[in-house]
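Notes for the one structure printed next.
Nothing in this text is a laboratory measurement; each read-out follows from the coordinates by a stated rule. Since the structure is predicted, the reported quantities are computational estimates derived from the model, not experimental observations. Here Cβ is always computed from backbone atoms with ideal geometry, including for glycine, and neighbour counts include all displayed protein chains.
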Amino acid sequence: MRRMSRVVLALGLGVVAGCAPKAETAEQADQRMATEAAAARTAIEASNQRYTAFFNAGQSDSLAALFAENGRMMVPNGPAAVGRAAMATSLKGMAAMKPALVLTTEDVAVNGPLAIERGTYKFTFTPPGATAAMTDTGKYLVHLHMMGGKWMLVDQIWNSDLPPMPMGPPAKP
């Protein structure tokens, strides 16, 4: 009886082991991730078109809706805006500056429901009180999650390629 139990147990373990998925090789993982990235890039670039349209139109609530509920927008030289309401509030005055934002995706890396997008931006705007528009260029990095069948922004950070502007009065010679 005992011997029979061991045989049944051994056979059962063999069946279970045979059903377990085989670990993917590094080459298989690279191929899978490249396939996922190609599919995700199309959706992410379409989302970027909506993002820039909302941004340029000053539609801060619509722009914030592209983020996960607890998303984080990490602006240069300021505190992070955490959550859709905080993002919408921080972007409210943007329309008055007549913004023209252009995003260019350079790379998308995907592994399952997580994606990272890296790109560049060109941002033209007229600051309050200025008579001429200014243009900033720089780079950005975005972390996205697949949620409800959509890629949602979770973390976004960007910074300028331009040198920092001097603060305070000019130095005396």
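What the table below lists for this structure:
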{"item": "Residue-by-residue Karplus 3J(HN,Hα) for the stretch 97-112, coefficients 6.51, -1.76, 1.60, Hz, glycine and proline x", "result": "8, 6, x, 9, 9, 10, 10, 10, 6, 9, 7, 10, 10, 9, 9, x"}
{"item": "Simple spin-label estimate for M165 and T35 in nanometres, 7 Å along Cα-Cβ", "result": "4.9"}
{"item": "For the stretch 31-160: rounded, prolate or oblate by the Cα gyration tensor [a/c cutoff 1.5]", "result": "prolate"}
{"item": "For the stretch 63-139: rounded, prolate or oblate by the Cα gyration tensor [a/c cutoff 1.5]", "result": "oblate"}
{"item": "Sorted by Cβ neighbour density within 10 Å, fewest at the top, the residues L66, L144, L114", "result": "L114, L66, L144"}
{"item": "Whole-Å distance, taken between Cα centres, linking the stretch 65-79 and the stretch 121-161", "result": "10"}
{"item": "For N159, residues with placed amide H under 5 Å, excluding near neighbours", "result": "K139"}
{"item": "For a label point 7 Å along the Cα-to-beta-carbon line of A100, residues of the stretch 107-143 with backbone N under 15 Å", "result": "122-127, 132-137"}
{"item": "Extreme residue, positive dipole direction of the stretch 31-160, given options L91, T131, L103 (C-beta unit charges)", "result": "T131"}
{"item": "Ascending count of other beta-carbon atoms within 10 Å, so fewest first, for W151, W158", "result": "W158, W151"}
